[in-house]
Every structure is written in structure tokens, then in C-alpha cells.
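The values are calculated or read from the model by the stated rules, or taken from the named source; none is laboratory data. Quick caveat, the model's predicted, so the values are computed rather than measured. Glycine gets a Cβ as well: all are built from the backbone with ideal geometry, and neighbour counts include every protein chain shown.
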Amino acid sequence: MKRVVVGLSGGVDSSVAAYLLQQQGYEVIGLFMKNWHDDSVTISNECPWLEDSNDALLVAEKLGIPFQTVDLSEQYKEKIVDYMFSEYEKGRTPNPDVLCNREIKFDVFMKIALSLGADYVATGHYCRKGETEVGGKTVYQLLSGVDNNKDQSYFLCQLSQEQLAKALFPIGELTKPEVRKIAAEMDLVTAEKRDSQGLCFIGKVRLPEFLQQKLQPKEGLIIQVDKNDPIFSIPKPDTSSESELLAFEAASLPFADATGKVVGKHQGAHYFTNGQRKGLGVGGTTEPLFIIATDVERNIVYTGLGSEHPGLFKKALFVNQPEVHWIREDLTLKPGETLQTMARIRYRQPLQKATLHQFEHGMYVSFEEPQSAITEGQFVAWYDGEELLGSGVIS
């Protein structure tokens with residue numbers, strides 16, 4: 001019997017994952033990760049860790065599997081929380097869930113599991129693992145979940161071959177309603193439990209309060225930029241150099257040169273992100289205001305009227321070379337090579353037609369259609385059909 005450690009989160013997905021593995025004849029151990037101690041910034045009635053660990057314990061008891069809690073809060077603070085603060089401070093918007101999978105679940109947690117003699121680590125992610133052979137070697141594939149509505153492959157876009165080799169995703173072939181049905185038939189306490197909406201294993205966090213622990217509020221201006229401003233019609237550079245044209249399309253617009261009007265004040269540009277429309281506290285506009293850029297140096301938030309404002313859209317993005325990551329290392333592009341692919345720049349975004357352009361200093365991703373709210377610090381992930389091939393941090 002192969003031994004599997006399941007990350008029991010206290011939710012329905014990981015509960016059913018544990019049950020299915022048991023049915024498949026694995027020896028299953030449940031581990032709950034405690035990643036957070038500070039309840040002052042969590043919205044306490046929205047799934048605090050205590051309730052979750054209790055539910056995880058009840059599921060383990062029901063299935064008759066060993067269970068324990070591991071405290072990873074120190075590693076979580078160092079690898080995820082400190083990273084988040086430093087990214088927000090730079091005016092970037094990190095994705096803690098992607099990081100949590102790479103640095104915590106499939107690294108720190110996986111090492112604990114392997115030290116318990118586990119052959120695999122399993123989670124309740126809606127994705128699948130495939131295998132193919134390249135040059136006589138087994139190569140692992142990360143495939144999207146069967147449930148299009150719940151596919152979570154994007155959150156695992158930073159995994160490596162070594163991590164995938166030891167990973168199992170038991171519910172990847174199922175839809176959410178099927179998972180709930182199994183949980184109800186098994187009379188699991190989590191069957192009807194709402195999906196958690198928070199940071200990976202922390203629960204729901206009030207982000208501004210969370211960030212204010214480290215990033216001091218400082219008042220600045222909210223500026224509205226007119227959609228007809230000249231910065232939106234800067235001509236393309238007259239050059240045949242592909243990298244210069246791509247750099248032009250991926251560049252941030254010079255919003256400091258725009259003539260805008262002051263429409264309000266904010267408490268810190270580093271609390272805001274591109275594409276955001278809630279939390280500005282500016283009323284009386286004919287359409288919603290969307291954030292089109294933040295300038296943390298000058299502490300200014302730039303906004304545009306309506307979801308079609310030209311300040312929201314760009315046709316390309318850039319990933320610095322150290323942040324280009326291939327799950328399928330055998331498909332890595334060499335400088336000068338391109339690849340037609342499908343890509344997304346955020347979770348649940350429908351896949352978009354794109355081309356990867358690899359250069360010495362990094363990779364440009366150019367899209368067939370302009371993309372709204374391309375955001376520094378987020379991840380772009382590229383696919384071939386249902387296989388996620390690689391990803392990178394948008395710079």
C-alpha cells in the first residue's frame with residue numbers, strides 16, 4: 001500500500017480527496033496546516049482556522065485515518081506574508097495562492113509528508129496530472145480540471161517536475177456538484193460547507209488592515225484621466241526590431257504626463273491595484289471609476305471612467321528571465337524562438353490567444369486581443385490545450 005498525506009483544509013474538496021484515495025487502496029494520513037496566528041486581521045466569523053481544523057479532524061475521524069496539525073506559520077510568514085508586503089510596497093500585486101502552492105504546500109508541507117514516509121502528497125485542487133515520455137524519461141503534465149467552472153490549474157502554475165512527480169489530485173476528474181454529492185453520501189461534516197474565499201489557509205483577511213500592519217497609510221490624490229488624453233495615441237516606434245515593438249506594447253503609459261483632474265483622496269497607493277473599482281470612495285460619476293495605474297513613488301492613483309477606458313488595456317506583457325518558469329522543461333524556448341499558445345493573466349479568465357517571444361533578457365507575451373488590467377506581480381500562465389506548460393511573474 002502506498003502512503004499518501006492529504007492536506008486536509010477543513011473544506012469539502014480535500015475531504016472527498018481523502019475519501020477517494022482511501023477507496024483506491026492508499027494508506028491515507030490527514031494533515032492540517034496551521035499558517036496563521038493573528039486573528040486581528042481576519043474576519044473572524046468567515047472561517048477562522050480553528051473551525052477549519054476542527055472540521056478536518058471530524059472528517060479524519062469519520063474516515064478512520066490518522067490526523068495531526070502542523071504549524072507552518074513561521075514559514076508562511078517568511079515565504080508568503082513578507083513577500084506580499086514587499087511586493088505591495090513596490091506597487092506590485094502578488095498572488096499569494098500561487099506562491100503558497102509553490103513554497104508551502106508542495107515544498108515545506110511536502111517535505112514533512114515525505115519525512116512521514118509518504119509516497120505522495122494529495123490536495124483537493126480541481127486539476128489533473130498526466131504523464132508522457134520524452135527521450136525515454138517520464139515527464140509529468142499539469143492538466144486543467146474537468147470542471148471548467150472550477151479549474152484550479154492556474155494556482156499550480158509554478159510547480160516543478162519534482163513537485164508534480166509526488167503530487168496527486170484525486171478530484172480533478174470530478175465537478176463540484178459531484179464532489180458535494182459524494183460528501184453528502186458519506187455524511188461528511190463538510191458536505192454543505194461554503195468554499196473559503198480567503199488567502200490560502202488563512203481564511204478571509206481584510207486586505208487594507210492586513211497591509212497596514214507594515215505599510216503606513218499616507219494620503220494621496222486620486223486622479224481621473226480622460227479617455228481622449230494624448231498619452232493614449234502615442235505612435236508606435238518606427239523600427240523593424242521585434243523586441244522594440246514588443247517593449248512598446250508592454251510598456252506602462254506615462255500617466256504622469258496626462259492632464260487629469262483630482263476626484264478624491266486615498267490612504268496609500270500601495271493598497272490599490274489595476275482594474276480595481278471598489279474601495280475608492282469616489283461617487284457621482286456617470287460610470288464606475290476603474291484604477292488604470294498606481295504610482296507608489298509619488299503616491300498617486302490614476303483612474304479612468306468605465307470598463308472600456310483605454311488606460312486599462314495593453315496588448316503585451318514582459319516577464320524577466322529569472323521569473324520565466326516551465327513546468328514542461330523539455331519545451332523551454334531558446335532566445336529568438338516563439339510559440340503560439342493560449343494564456344491567462346488571472347484565475348478564471350477565459351484562455352486568450354497569445355504568442356510567446358523568448359529573448360536573452362526575458363519573455364514577451366503578446367495577445368491577439370488587448371487585455372484589461374495586466375497587473376505587475378501577478379502570474380501569466382500559458383497552455384497547450386488543457387495542459388499548463390509554464391508561467392511567469394508579470395513585470
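In the range 72-84 there is at least one residue that is buried (at least 19 other Cβ atoms within 10 Å of the Cβ) and in contact with a Pro (Cβ under 7 Å, 6 or more places away or on another chain).
Residues of the range 339-365 that are of a type in the set (Ser, Thr, Tyr) and within 14 Å of ASP384 (Cβ to Cβ): THR341, THR355. Taken together, the residues in the range 366-382 that are more than 18 Å from ARG102 (Cβ to Cβ) and part of a strand (DSSP E or B) amount to 7.
Evaluating GLY130 against the criteria (1) over 28 Å from ILE345 (Cβ atoms); (2) part of a strand (DSSP E or B); (3) in contact (Cβ under 8 Å) with a residue 60 or more places away in the chain leaves one unmet condition, (1). Of all residues in the range 242-266, those satisfying the criterion of being part of a helix (DSSP H, G or I) and under 15 Å from GLY362 (Cβ atoms) are GLU242, SER243, GLU244, LEU246, ALA247, GLU249, ALA250.
Counting residues that are farther than 19 Å from VAL393 by Cβ, of a type in the set (Phe, Trp, Tyr) and in contact with a strand residue (DSSP E or B) (Cβ under 8 Å, 6 or more places away or on another chain), which strands (runs of 3 or more DSSP E) fully inside the range 304-365 reach at least 1? The strands (runs of 3 or more DSSP E) meeting that bar are 313-320. Do we have THR303 as farther than 19 Å from GLU360 by Cα, polar (S, T, N, Q), under 26 Å from the mean Cα position of the chain (by Cα) and not assigned by TED's automatic domain parsing to the domain that holds GLN141 here? So THR303 passes the test. Of the conditions (1) outside the structural domain of VAL282 (by TED's automatic domain parsing); (2) touching a residue at least 60 places away in the same chain (Cβ under 8 Å); (3) surrounded by fewer than 20 Cβ atoms within 10 Å (Cβ to Cβ), ALA373 satisfies every one except a single condition; which number is it? Tallying (1) outside the structural domain of VAL282 (by TED's automatic domain parsing); (2) touching a residue at least 60 places away in the same chain (Cβ under 8 Å); (3) surrounded by fewer than 20 Cβ atoms within 10 Å (Cβ to Cβ), ALA373 fails exactly one: (3).
When each of LYS77, LYS137, LYS105 is tested for being charged (D, E, K, R) and in contact (Cβ under 8 Å) with a residue 24 or more places away in the chain, the lone residue that passes is LYS105.
Looking at ASP97, ASP107, just one residue is assigned to a helix (DSSP H, G or I), under 14 Å from the mean Cα position of the chain (by Cα), acidic (Asp, Glu) and not assigned by TED's automatic domain parsing to the domain that holds ILE345, and that residue is ASP97.
For (1) part of a loop (DSSP other than H, G, I, E, B); (2) modelled with pLDDT under 90; (3) among the aromatic types (Phe, Trp, Tyr), each residue gets a yes or a no:
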site: SER9; (1), (2), (3): yes, no, no
site: ILE29; (1), (2), (3): no, no, no
site: LYS62; (1), (2), (3): no, no, no
site: GLN68; (1), (2), (3): no, no, no
site: VAL81; (1), (2), (3): no, yes, no
site: TYR88; (1), (2), (3): no, yes, yes
